[in-house]
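Written out below as structure tokens is the structure these notes cover.
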Amino acid sequence: MTKPTLTASPSYPASRLRRTRTTGWSRAMVRENILTPADLIWPLFITEGKGVEEPVASLPGVSRWSVDNIVKRAQEARDAGIPCVALFPNTPTDKRSENGAEASNPDNLMCRAIRAIKDACGNDIGILTDVALDPYTSHGQDGLIDADGYVLNDETVAALVDQAVTQAEAGADIIAPSDMMDGRIGTIRRALEMGEHHNVQIMAYAAKYASAFYGPFRDAVGSRGLLKGDKKSYQMDPANSDEALREVAMDIAEGADSVMVKPGLPYLDIIRRVKDNFAVPVFAYQVSGEYAMIEAAVAAGAADRDAMVLETLTSFKRAGCSGVLTYHALHAARLLNG
């Protein structure tokens with residue numbers, strides 16, 4: 001074979017980026033972001049009863065579980081390599097009130113589920129608990145309201161502190177305030193320290209937007225039909241980005257161990273800005289509306305579930321996330337485990 005004659009100005013490209021894409025082993029070797037089951041947190045919905053599974057119509061494949069079945073789900077998560085579950089209660093209507101007092105009941109659904117999981121799993125899996133009043137209020141807001149329906153900040157923070165300490169005493173590992181009240185992270189941190197819950201983490205919903213993607217979640221916790229008004233006076237405006245950095249900075253200064261951006265895919269730019277500006281773990285919540293859209297696409301024959309789930313979760317890692325809360329967590333973990 002005649003050797004090609006090299007010229008000073010070759011017509012072929014000197015760099016071929018396709019070279020490293022040619023084979024599977026090569027793609028794996030240069031892959032910049034790796035998704036594993038340890039990157040996932042599985043949100044679970046709790047309901048009253050025993051042996052209960054209540055499918056959530058607007059979240060195909062997601063159910064509310066009684067405490068005994070929540071324990072089984074936590075064990076499944078542990079066995080799949082998922083490090084943490086996130087708990088959300090569907091509080092019975094007769095236990096909801098204007099002031100959400102059930103949130104601080106040490107025998108409420110949340111606390112019973114925490115204790116049951118700890119009894120069954122010990123420290124083999126973490127438990128993240130939601131701190132907000134919307135699953136407990138008769139009006140569906142995340143806090144206490146005045147006569148005009150305005151959500152009161154400081155009065156709500158006092159109630160959230162009681163709720164957080166109650167959950168910590170039940171055995172919660174991570175307290176996750178999702179309410180977006182000003183000053184609640186610092187106040188909760190001080191209360192946890194005073195109660196000698198020194199190792200209980202706080203994952204702050206630091207940049208939680210007033211999003212249209214939360215509808216199915218509100219079905220799951222039974223608050224959609226109860227909500228009076230909207231949450232725009234305390235959740236963030238979807239048009240704002242710089243404000244998210246101010247929120248994150250405040251929560252870190254007040255003692256947050258990690259921060260969350262919620263929702264996920266519509267706010268990848270926020271995740272990246274937070275990661276680039278702060279040296280803390282950043283999490284995203286792939287919320288109920290995002291999950292429902294994927295499932296709707298699959299049901300319509302427009303998408304492959306496995307490929308779409310792994311691609312969207314990888315996008316969070318690429319944007320800078322340490323982990324993702326997702327209803328697809330168990331499915332994704334099983335895919336990743338082969």
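The values are calculated or read from the model by the stated rules, or taken from the named source; none is laboratory data. Worth saying up front: this structure is predicted, and the values here are computed from it rather than measured. Here the Cβ is made from the backbone with ideal geometry for all residues, glycine too, and neighbour counts use every protein chain on show.
What to note about this one:
- For the residues Pro10, Pro106, the requirement of being over 19 Å from the mean Cα position of the chain (by Cα), modelled with pLDDT under 95 and in a loop (DSSP other than H, G, I, E, B) singles out Pro10.
- The range 207-232, subset of a type in the set (Ser, Thr, Tyr) and modelled with pLDDT under 95, residue farthest from Met180 (Cα to Cα): Ser223
- All positions within the range 255-279 that are basic (Lys, Arg) and touching a Leu at 6+ places or on another chain (Cβ under 7 Å): Arg273
- Residue, nearest to Met203 (Cα to Cα), within the range 287-329, restricted to residues that are in contact with a helix residue (DSSP H, G or I) (Cβ under 8 Å, 6 or more places away or on another chain), β-branched (Val, Ile, Thr) and in a helix (DSSP H, G or I): Thr312
- Meets criteria (of a type in the set (A, V, I, L, M, F, W, C), assigned to a helix (DSSP H, G or I) and under 16 Å from Ala80 (Cα atoms)) for Ala332: yes
- Test: residue in the range 165-187 that is surrounded by fewer than 23 Cβ atoms within 10 Å (Cβ to Cβ), free of Cβ contacts under 8 Å to residues at least 24 places away in the same chain and of a type in the set (A, V, I, L, M, F, W, C): no
- For the range 131-187, the candidate set comprises residues that are under 21 Å from Val221 (Cα atoms) and among the polar types (S, T, N, Q); within that set, the residue that is farthest from the chain's Cα centre (by Cα) is Ser138.
- Only a single item in (1) surrounded by fewer than 15 Cβ atoms within 10 Å (Cβ to Cβ); (2) in contact with a strand residue (DSSP E or B) (Cβ under 6 Å, 6 or more places away or on another chain) is not met by Phe283, and it is number (1).
- Among residues of the range 33-51 that are over 25 Å from Pro216 (Cα atoms), those with a beta-carbon under 7 Å from a residue that is assigned to a loop (DSSP other than H, G, I, E, B) at least six positions away or on a different chain give the pairs Ala38/Gly81; Ala38/Pro83.
- Residues in the range 88-107 that are crowded, with 20+ Cβ neighbours inside 10 Å, under 14 Å from Glu155 (Cβ atoms) and not small (Gly, Ala, Ser): none.
- Residue that is at pLDDT below 95 and closer than 23 Å to Tyr285 by Cα, where the choices are Ala57, Ala80: Ala57
- Scope the range 246-258; condition of a type in the set (A, V, I, L, M), buried (at least 16 other Cβ atoms within 10 Å of the Cβ) and either more than 12 Å from Val282 (Cβ to Cβ) or touching a Cys at 6+ places or on another chain (Cβ under 9 Å) (or both); matching residues: Met250
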